[in-house]
Amino acid sequence: MRNFGLVWVSGRRSGAELDAALRSRQRWQEIAEDVPGIGFRPAGSLTVARTSTERKVMEQFANHPDAEERAITFLEPGPLRALNPAVRGEIEGGLHCEADGIVEPRQVLGALRNHLLARGTYAFHPGRRVVAVDDHALVDVTGTRWEADLVVVATGASFDQLPGTEGVSAGLRRVRLQMMETAPFDGVLTTALADADTLRYYPAYGVVPLDPLGAQNAVSAEHHLQLLMVQRLGGGLTIGDTHAYEEPFDFALTEVPSIELLRRAESILGAALPPVVRRWDGVYAQCTDGGVCARMEISPGVWVVTGPGGRGMTCSPAIAADTLHAAGVA
């Protein structure tokens, strides 16, 4: 998986989205008891204010009733540094979300597959591309027919490549992002870290006026940029990200927003970062109506599920449970 591995309760929209995030957060912790290889840790997060204006907006949100259901409080600089000593830059405080968590994105799928294979009730058939659907069945590019009582097709960003998915595709768009990872950092990030631009991006914060934040700089506005930073178990820092919404997407990675993200990260940590050792982009599907995901039965017994946008890692356990419920299985 090409993401941060964040189980991000803090920014979720009130209602169905927050409910899915909270249920998923609990389920991730339960899964970790059986499958420790997913690398789950209940680390929480800090959204750091670097200016007095950012601080005022964050304080206002921390005093809003919506903060309590997300386990969000405002911390002064001293308690914030005590919680995450790696934050050594000039800060004005920040929001602490105790409910946020982290998993290891490069390990999750393999660890889950190995766990299921060991139970003897699961089979994995990689390298198969689905090209058609039938009642309770899929057909792959080799002509092989795969039949089941229930079929779930998770198309990801390829939501318009399969016949019969037109009803799902109409409410979706693709989003391209850029991210990177550094060599091991000489320090420990005890929480995930974010900056104030996440207030613009995540819907939870729209309950307070965000205009006092002012305009983003030109680079941030052009690339719809926010800083998220997570330390991997191996010590490296995953840093991102950008958002592009207009297709066709450029095939090239762009260095200017990466420089801006690295500058912000160094400002919060108050230290030079290790060299970047890995850069990548990704494209995900996102519902245009703000829904948690798009879910539709396109043929008897065949369900398409896609479009969670940037909440896929966070909400996937709840999305899976709700899909089974919608299909009448659980």
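The values are calculated or read from the model by the stated rules, or taken from the named source; none is laboratory data. This one's a predicted model, so the numbers in the text were calculated from it and none came from an experiment. Using ideal geometry, Cβ is built from the backbone for each residue, glycine included, and neighbour counts are taken over all protein chains shown.
Mind listing whichever residues of the range 169-219 are aliphatic (A, V, I, L, M), out of contact with any strand residue (DSSP E or B) (no Cβ under 9 Å at 6 or more places or on another chain) and over 29 Å from ALA154 (Cα atoms)?
Within the range 169-219, VAL207, VAL208, LEU210, LEU213, ALA215, ALA218, VAL219 meet the criteria.
Residues that are touching a residue at least 24 places away in the same chain (Cβ under 8 Å), farther than 27 Å from LEU233 by Cα, of a type in the set (Gly, Ala, Ser) and part of a helix (DSSP H, G or I): does the range 35-55 have at least one?
Yes, that holds for at least one residue.
Please pick out the residue among THR238, THR323 that is buried (at least 18 other Cβ atoms within 10 Å of the Cβ), outside any helix (DSSP H, G or I) and under 22 Å from the mean Cα position of the chain (by Cα).
THR238
Pairs under 9 Å by beta carbon, first residue more than 22 Å from GLY310 (Cα to Cα) in the range 197-221, partner of a type in the set (Gly, Ala, Ser) and surrounded by 15 or more Cβ atoms within 10 Å (Cβ to Cβ), six or more apart or different chains?
Filtered contacts from the range 197-221: LEU213/ALA196.
Please verify whether GLY301 is touching a Cys at 6+ places or on another chain (Cβ under 6 Å) and buried (at least 16 other Cβ atoms within 10 Å of the Cβ), treating the condition exactly as stated.
no
I need a count of the residues in the range 68-101 that are touching a Cys at 6+ places or on another chain (Cβ under 9 Å) and free of Cβ contacts under 8 Å to residues at least 40 places away in the same chain.
Going through the range 68-101 one residue at a time, the tally reaches 1.
Test of understanding: among LEU22, LEU6, LEU18, which residue is in contact (Cβ under 8 Å) with a residue 12 or more places away in the chain, buried (at least 22 other Cβ atoms within 10 Å of the Cβ) and hydrophobic (A, V, I, L, M, F, W, C)?
That would be LEU6, the only listed residue that is in contact (Cβ under 8 Å) with a residue 12 or more places away in the chain, buried (at least 22 other Cβ atoms within 10 Å of the Cβ) and hydrophobic (A, V, I, L, M, F, W, C).
Quick one: what pairs do we get from the range 126-149, first residue in contact (Cβ under 8 Å) with a residue 60 or more places away in the chain and surrounded by 11 or more Cβ atoms within 10 Å (Cβ to Cβ), second of a type in the set (Val, Ile, Thr) and assigned to a strand (DSSP E or B), C-beta under 6 Å, 6+ apart or different chains?
From the range 126-149, the pairs are VAL133/VAL302; LEU138/VAL130; LEU138/VAL151.
For every residue, the table says whether it meets (1) assigned to a helix (DSSP H, G or I); (2) closer than 18 Å to ALA318 by Cα; (3) modelled with pLDDT under 95; (4) in contact with a Lys or Arg (Cβ under 8 Å, 6 or more places away or on another chain).
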site: LEU18; (1), (2), (3), (4): yes, yes, no, yes
site: ILE31; (1), (2), (3), (4): yes, yes, no, no
site: VAL57; (1), (2), (3), (4): yes, no, no, no
site: ALA67; (1), (2), (3), (4): yes, no, no, no
site: THR73; (1), (2), (3), (4): no, no, no, no
